[in-house]
Each structure stands twice: as structure tokens, then as C-alpha cells.
Amino acid sequence: MTIEVLAPEVVSKIAAGEVVERPASVVKELIENSLDAGATRIAVDIRGGGVRLIRVADNGSGMSAVDAAVAFRRHATSKIHSVSDLDSISSLGFRGEALPSIAAVARVEVLTRTADEIAGTFLRLENGSPVESGEKACPRGTSVTVSDLFQNVPARLKFLKSPGTESGHISNLVVHYSMAFPEVRFSLSIDGRVTLQAPGSGELRDVLVEVYGVKAAEAMIPVGDADSTIRGFVSPPFISRSSRAYLSFFVNRRFVNSRILSRAAIDAYKGLLMVGKYPIVVLNVTVPHHDIDVNVHPSKMEVKFRDDQGVFTAVQRAVRAALVEETAVPRISRHPRPVEGPAIPGVHKPMSREDAQSAGTMQTGLFRGSAAVGSPDAGAATARSESTSRLPILRVLGQLAATYIIAEGPDGLYLIDQHAAHERVLFEKVRRQRAGMVVEVQGMLDPLTLEVTPRQERIIEASGDMLSSYGFDLEPFGQRVYRLRAVPSVLGEGEIMRAVAEILDCLSEERDAEGREDKIAATIACHSAVRAGQVLNAEEISKLVNDLERSASPQTCPHGRPTMIRFTSSQLEREFGRSL
Ligand code: ADP
Ligand code: MG
């Protein structure tokens, strides 16, 4: 064995590999440099998946002739000066590695001019060294052109995917930067075709229109305000996606991959989205610089928080609060809705019937019998300002079209979808009973027999315990035949077979345990709930509304659809011309 010190060009290529993994990494570094230079306009052009050409042009500060030459030396940076600066990094770059790394694995041309120079500087590098330099007229700012990426590193070239895939990575990246910096006019052109044009208005929602389309963008719910440390937009429960690809997080405006943040956001949607569905989330988290370490990976895509749990809780709460506020009873409105005070879930105590009574409210229920109903300006109003997630106490007025329940609340008229509302109530009941291992079952006097496919048989064998935890007692009864000896007692009689079939499907499809459990509970609830078209008597209506008032998320059914809509009092006044 002979030990040799590697030649400098080998060392620089190895080092370059850490920063420049694929064409998108080049784009990332160049965009970050442009942002650090204060650019308000950044144009990205790529050809051949970024392998043939990447050009990032900005209108930022530019570099002087001297700086431009130094910028390509390893560890040359204008952004930090000493070790102590590492603790308070506010720029996106700081390692001084990007430009030399890129130059080590591609041909690079730079054209740059500062505000107080008349002529611009032109610089061309090959294999990391300048081969041409001079003056050239150009607008203020910097344009870096990178061509023939990895031509001198065949091993890297081999690992690249198709130009289409590499372009996709780049596009994804530019999209994320335009969301993190809505004040910057980003544009992306792929092989001569403009594919993204961010407006640069400073409004994130305007960027979302460009990225996710007008409809989704308009429906997105704002999280936080100008002073919040957690800010952005999240989709309402009725909009969802089938993958996590629509979760975008930024920490101090740096795009990051973070499991903690993803988990926190997804957790906030618990009970609001169907299994296997994910929200669209665009959030920036502002964290004091000393509470994070961005220096854990050369491409800086990962971030370490000092207090993972604190960050998790804060994000989960912020998203949940936004959702609760917004999904609080959709209002029929042709006018912009007034902004209400923040609701902080988990902190308030929902207003109970007893509270309402002790608050001295009157008993005016039509159907309620013993139930007290909040008078418009007493207890129930408090309940609303305390929390928009829980329902105030409602006074039932009747049933409409055997499908909706009409009720009056402290602020307006409520139309409740009886099936959706009942689904919500039963869903929570099923989950509660199972969690407490107190599932109510009904024995079948005349057991139903169930013929199953070989696949279903395997599922029953593997998931017998799971099924019995929900109250299904299945007993083998010959070749691929089972007898249902007991079912959950909430389950409607005519619906048993269909519910069982759906649950077996769900057990075969869903991998993630929590999602599977929610889906089973939702299936049982759906097949147990009253249907549209079913006439209910006063007592049944009253019980349903009562149960809904007590549920944790009364505004949506387990599938995320609204259970009710509300016409506010002021809206009614407006509609009848009673207020000006
Ligand atoms: P870092 O960004 O970590 O400082 P880079 O190698 O990416 O290292 O860049 C080196 C230096 O070159 C930067 O510190 C900055 O001063 C200068 N520079 C790079 N790109 C630009 C740009 N687009 N506009 C102005 N200055 C730039
Ligand atoms: Mg940089």
C-alpha cells in the first residue's frame, strides 16, 4: 500500500461533489447567491435538464472586477468573517464553496456589474481556473452561466436521471424559492419555454395562484400574521392531495426538508382529512439563529432545531388554529367575511350545557325538553369568542326536506346536514369507545354468513384482532365462509355486509396504522349514520344536535366535508336591507 496526497484537482472535485450533486444543486446555489445579493428579479434558464446549460441572471448588487475573481477561490465569501459569525448566519450562503465547486465540474461564465462601475466584468473559467477575463457592458447585477455540467466527472454524469427528471427537480426548486420570497420576480424557462413567472408582488397568495392555480390558491387558509413566527397558507380540509409533495417548509426563508415540520402539519389535520390524503402547506418558520443549525449538510437542505418538540407543538397549534378558525361553520357570503379573534385549540374549555345554565341563560328550546339554550347575548356568545371550533348551543327549529336540520344559534341560522353531522358524531364515538376498549357490540341472534375471497380470507386471518377491537366477531364456518356473531352496536342493520366489505378493503389497502384506524371508524360511522331523506322526530333531531355540540370537530364530517353552513345575523340583516 502506498499513501499519496491527492492532487488538488482531485480534491476539488471530491469537495465539489458534496455541494453539486445534480443540476438542481447548481441552480440552488446560484439562486441563493442572487438572493444574498439583494436581487428582486431572478431569471433562471436551463437547457438539457440543466446539464447543457444553466443561467441565473439577477439584478442584485453585482461584484467588482476584483471580487469576481476572488469569488471563485475556495472558501472565499463576503458573508462571514470569523467563527463567531457562524452562530448568527442570516445569509443563505456562507461557506464560500459554491462558486469554486461549480467551476470545478463545469464551464462557467460570469458577467457582473456593481452600481458604481461603468463597465461590467466578464470572467470565464475552465476546470476551476480563469481562462479569460475582461470588461464588458452589462446591466447592474450578475449573470452566471454554467454549461457542460459534469462532462469532466463521468461518474456523476452516469447517475443523472433523464433531462425531464432533472428539469423537474429544478422547477420544483424555483417554485419553492418563489414561495419563500414572494417579493422576488422569479422566472424559469426550460429549453426556451417560460414555465414559471412569479409576480413578485410580495404576496404569497399571488405566488400560489401561479403554482397551484387560482382555485386552490383562493381557498388556502392563512396561518399567522405579519408578526407571527409561523406564517403561510394551508389548504382547507376539502382540498387534499395524495402525496406529501405539497408540503413546503422554510426555516428563516430557507427551503428545508424536515420530518418534524411535516409531522406537525399533518398532525394538525387529524380527523379532518381522509386516510392517505395530505394537505397543501406552505409555511415559513422564523427561528432565532442561535436555535438552529443549518450547517449540518453542505447543501443546507436539512436543519437541526435546538428544541424539536417546541417547534413541533408550535407548528401543530398554529396550523390547527388556522383550520379551526376557518372551518368553523362555512358562512354563505357574497361579501368578504369579517376577521374574528384567534381561536387557540386545546387551551379553551368548551362551553358545556351546565355552564350555559349557570350563566343564567333562558330555556327556550322548542324540542329540547330539559336542555337549556343560550340566549343570544349571554353565555353562548362567550362560547363563540372563546372558540370557533366548538358549536354554541343551538335551538332546533325543524327539519328541511328530510335532509337538513334548521337551527338558531347566538349569531344566526344554521343548516345542518343530518347525515354528515351524524357521521361526525358516530366517528368520534367509535374512536372513543375503541380507545377506551369499551366498544358496545350487539350479538347476532341469527348470524349472517359471509363468503370471502382468498385475499379477504388472508386479511381476516391477519387482522382478526383489529376487527374484534371494533366489535366485529367473525367465526370460521367452513371453506372461506365466516359467520358474523357480533357487530358494533352503532352499525345500521341493513348496512352490515357492506360495512364489513369496505373495512376488509381498507385493511388490504392502508399501510399506515393510524390512517387505517380512522378509515375503519369512518366506514362504521358512514354505514351507521342517518341518511338524507330520513324523517327524524323531534327527539332524534335534538339528540343529534346535542351530540354534535359536544363533538371535538363538529364542522366537518370524517371525510372532511362540511356538516353545516351558517347565515350570520348581520348577513341576514344585510340581505333584508335592515342594516346599511
Ligand atoms: P457563499 O455564498 O457561501 O459566500 P459562493 O461561492 O456562493 O459562497 O460565493 C462567493 C462570493 O461571491 C459571495 O460571498 C459573494 O460575495 C459573491 N457572489 C456570488 N454570487 C453573487 C451574485 N449573484 N451577486 C453578487 N455577489 C455574488
Ligand atoms: Mg453562495
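The values are calculated or read from the model by the stated rules, or taken from the named source; none is laboratory data. Just so we're clear, the structure is a prediction, and the values are computed from it rather than from any experiment. Cβ coordinates were reconstructed from backbone atoms using ideal geometry, including for glycine residues, and neighbour counts include every protein chain displayed. To get the accessible areas, we keep the full protein, side chains included, count just its heavy atoms, and leave off ligands, DNA and RNA. Shrake-Rupley method; radii C 1.70, N 1.55, O 1.52, S 1.80 Å.
Tell me yes or no: at least one residue of region 495-507 is over 18 Å from S468 (Cβ atoms), over 26 Å from the mean Cα position of the chain (by Cα), modelled with pLDDT of 90 or more and of a type in the set (K, R).
Filtering region 495-507 down to residues over 18 Å from S468 (Cβ atoms) leaves 495, 498, 505.
Among the residues that remain, those that are also over 26 Å from the mean Cα position of the chain (by Cα) are: 495, 498, 505.
Going one step further and asking which of them are modelled with pLDDT of 90 or more, we end up with none.
No; the residues of region 495-507 include none that is over 18 Å from S468 (Cβ atoms), over 26 Å from the mean Cα position of the chain (by Cα), modelled with pLDDT of 90 or more and of a type in the set (K, R).
If a residue has to be of a type in the set (G, A, S) and open to solvent by less than 30 Å² (accessible area, probe 1.4 Å) to count, how many in region 465-495 make the cut? Break it down into steps so the answer makes sense when it comes.
Within region 465-495, the subset of a type in the set (G, A, S) is 468-469, 471, 478, 486, 489, 492, 494.
Now narrow it down to the ones that are open to solvent by less than 30 Å² (accessible area, probe 1.4 Å): 471, 486, 492.
Total satisfying the criteria: 3.
Identify the residue in region 32-53 that is among the charged types (D, E, K, R) and under 14 Å from I170 (Cα atoms) and, among all such residues, is modelled with the lowest pLDDT. Spell out how you get there, then give the answer.
If we filter region 32-53 for residues that are among the charged types (D, E, K, R), which is where we start, we get 32, 36, 41, 45, 47, 52.
Now restrict to residues that are under 14 Å from I170 (Cα atoms): 32, 45, 47, 52.
Numbers: E32: 92, D45: 97, R47: 97, R52: 97.
Checked region 32-53; the qualifying residue modelled with the lowest pLDDT is E32.
Which residue pairs have Cβ atoms under 6 Å apart, sit 6 or more places apart or on different chains, and have a first residue in region 309-327 that is open to solvent by 30 Å² or more (accessible area, probe 1.4 Å) and a second that is among the charged types (D, E, K, R)?
Partner pairs satisfying both residue conditions: Q316/D267.
Looking at (1) within 12 Å of ligand 1 (Cβ to nearest atom); (2) touching a residue at least 60 places away in the same chain (Cβ under 8 Å), which is the only condition T40 fails?
(1)
Which residue, of A68, A104, is in a helix (DSSP H, G or I), within 12 Å of ligand 1 (Cβ to nearest atom) and closer than 27 Å to S162 by Cα? Reasoning before the result, please.
Working: A68 fails: closer than 27 Å to S162 by Cα.
Answer to the selection: A104.
From the residues in region 29-42 that are out of contact with any strand residue (DSSP E or B) (no Cβ under 7 Å at 6 or more places or on another chain) and more than 9 Å from ligand 2 (Cβ to nearest atom), which one is least open to solvent (accessible area, probe 1.4 Å)? Give the steps one after another, and end with the answer.
At the first step, the residues of region 29-42 found to be out of contact with any strand residue (DSSP E or B) (no Cβ under 7 Å at 6 or more places or on another chain) are 29, 32-33, 35-36, 38.
With the extra rule that they be more than 9 Å from ligand 2 (Cβ to nearest atom), the set shrinks to 35, 38.
Numbers: L35: 24, G38: 49 Å².
This residue is L35.
Matching residues to (1) outside the structural domain of D58 (by TED's automatic domain parsing); (2) buried (at least 20 other Cβ atoms within 10 Å of the Cβ); (3) of a type outside the set (D, E, K, R):
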position	(1), (2), (3)
S187	no, no, yes
A216	yes, no, yes
A226	yes, no, yes
R231	yes, no, no
S248	yes, yes, yes
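Suppose we keep only residues that are open to solvent by 20 Å² or more (accessible area, probe 1.4 Å) and part of a strand (DSSP E or B) within region 43-57. Which one would you say is farthest from ligand 1 (Cβ to nearest atom)? Give the steps one after another, and end with the answer.
In the first step, residues of region 43-57 are kept if they are open to solvent by 20 Å² or more (accessible area, probe 1.4 Å); the result is 43, 45, 47-48, 51-53, 55, 57.
Those still in the list that are part of a strand (DSSP E or B) too: 43, 45, 47, 53, 55, 57.
Values: A43: 12, D45: 15, R47: 20, L53: 17, R55: 12, A57: 9 Å.
Looking at residues that are open to solvent by 20 Å² or more (accessible area, probe 1.4 Å) and part of a strand (DSSP E or B), I get R47.
What strands (runs of 3 or more DSSP E), lying completely within region 245-345, carry at least 1 residues that are at pLDDT below 90?
Values: elements: 247-251, 254-256, 281-285.
Strands (runs of 3 or more DSSP E) meeting the threshold: 254-256.
For every residue, the table says whether it meets (1) closer than 30 Å to A462 by Cβ; (2) of a type in the set (S, T, N, Q); (3) surrounded by fewer than 20 Cβ atoms within 10 Å (Cβ to Cβ).
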{"residue": "L548", "(1), (2), (3)": "no, no, no"}
{"residue": "A552", "(1), (2), (3)": "no, no, yes"}
{"residue": "T556", "(1), (2), (3)": "no, yes, no"}
{"residue": "Q571", "(1), (2), (3)": "no, yes, no"}
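Go through region 408-419 and give me each residue that's open to solvent by less than 10 Å² (accessible area, probe 1.4 Å) and modelled with pLDDT of 95 or more.
I416, Q418
May I ask you to verify whether G128 is in contact (Cβ under 8 Å) with a residue 12 or more places away in the chain, surrounded by fewer than 13 Cβ atoms within 10 Å (Cβ to Cβ), more than 17 Å from N33 (Cα to Cα) and not basic (K, R)?
Details: in contact (Cβ under 8 Å) with a residue 12 or more places away in the chain: yes; surrounded by fewer than 13 Cβ atoms within 10 Å (Cβ to Cβ): no; more than 17 Å from N33 (Cα to Cα): yes; not basic (K, R): yes.
Considered against the rule, which asks whether it is in contact (Cβ under 8 Å) with a residue 12 or more places away in the chain, surrounded by fewer than 13 Cβ atoms within 10 Å (Cβ to Cβ), more than 17 Å from N33 (Cα to Cα) and not basic (K, R), G128 comes out as no.
Considering only region 58-85, how many residues are modelled with pLDDT under 80, open to solvent by 70 Å² or more (accessible area, probe 1.4 Å) and within 15 Å of ligand 2 (Cβ to nearest atom)?
The qualifying residues number 3.
Only residues that are surrounded by 13 or more Cβ atoms within 10 Å (Cβ to Cβ) and among the charged types (D, E, K, R): list them for region 437-457, please. Let's see the steps before the verdict.
Here is the first cut: in region 437-457, the ones surrounded by 13 or more Cβ atoms within 10 Å (Cβ to Cβ) are 439, 441-442, 444, 447-448, 450, 452, 456-457.
Selection gives E457 alone.
Looking only at region 131-164, count every residue that is without any contact (Cβ under 8 Å) to a residue 40 or more places away in the chain, among the β-branched types (V, I, T) and part of a loop (DSSP other than H, G, I, E, B) and tell me the total.
Of the residues in region 131-164, 0 are without any contact (Cβ under 8 Å) to a residue 40 or more places away in the chain, among the β-branched types (V, I, T) and part of a loop (DSSP other than H, G, I, E, B).
Pick from R483, R531, R458: which is within 33 Å of the chain's Cα centre (by Cα) and among the basic types (K, R)? Steps first, please.
Values: R483 fails: within 33 Å of the chain's Cα centre (by Cα); R458 fails: within 33 Å of the chain's Cα centre (by Cα).
The match here is R531.
Mind checking which pairs have a first residue in region 388-409 that is within 19 Å of S551 (Cβ to Cβ) and a second that is among the polar types (S, T, N, Q), Cβ under 7 Å, 6 or more apart or different chains?
Final answer for the pair search is S389/S553; R395/T364; V396/S542; Y404/Q418; I405/Q399; I405/Q418.
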